[in-house]
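What follows is a short report on a single structure.
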Amino acid sequence: MSVLVILGVVFSVIIHEFTSLSDTAYQRALQSAVQELNIRETLIWSNFKISPNGWPGDGDVFDNMNIKLGGGYSWDESVNNLGGTLRFGPHSLDLVRTPSQNRAAGRWK
């Protein structure tokens, strides 16, 4: 009987840790997606800056960005150049985009 009680306690701790680990993995995936968006934003902005025509404006930078992040990620319908809600699995993250300027690329936070 005591062995069953001990096993029950051990399994309940393991299940709790597994659930916490899953939540942490979803959060980290969303954080990685934000980093990816910022890298893409900087790359597009830099390409415009070194082009013969120069920086055309934030609208063109955002229009040339690929905001599709792959399987498992999705955006709400209202994603635009000011931000949106990014989802991965059961978790979501409200992002705000600082528009790009002539002297700096836009940032997702």
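The values are calculated or read from the model by the stated rules, or taken from the named source; none is laboratory data. For clarity, every value in this text was computed on a predicted model and none was experimentally measured. Please note: Cβ atoms are built from the backbone with ideal geometry, for glycine as well, and neighbour counts cover all protein chains shown.
What is the number of the single condition among (1) aromatic (F, W, Y); (2) at pLDDT 95 or above; (3) surrounded by fewer than 15 Cβ atoms within 10 Å (Cβ to Cβ) that F18 does not meet?
Failed condition: (2).
Residue check, K109 against (1) within 18 Å of Y26 (Cα to Cα); (2) over 15 Å from the mean Cα position of the chain (by Cα); (3) of a type in the set (D, E, K, R), all met but one. Which one?
(2)
Let me confirm something: among G84, G70, G54, which residue is outside any helix (DSSP H, G or I) and surrounded by 13 or more Cβ atoms within 10 Å (Cβ to Cβ)? Write out each step before concluding.
Values: G70 fails: surrounded by 13 or more Cβ atoms within 10 Å (Cβ to Cβ); G54 fails: surrounded by 13 or more Cβ atoms within 10 Å (Cβ to Cβ).
On inspection, the qualifying residue turns out to be G84.
Which residues, counting only those in the stretch 87-109, are touching a strand residue (DSSP E or B) at 6+ places or on another chain (Cβ under 8 Å), exposed (fewer than 12 other Cβ atoms within 10 Å of the Cβ) and without any contact (Cβ under 8 Å) to a residue 12 or more places away in the chain?
Listed by number, the list holds a single entry, D94.
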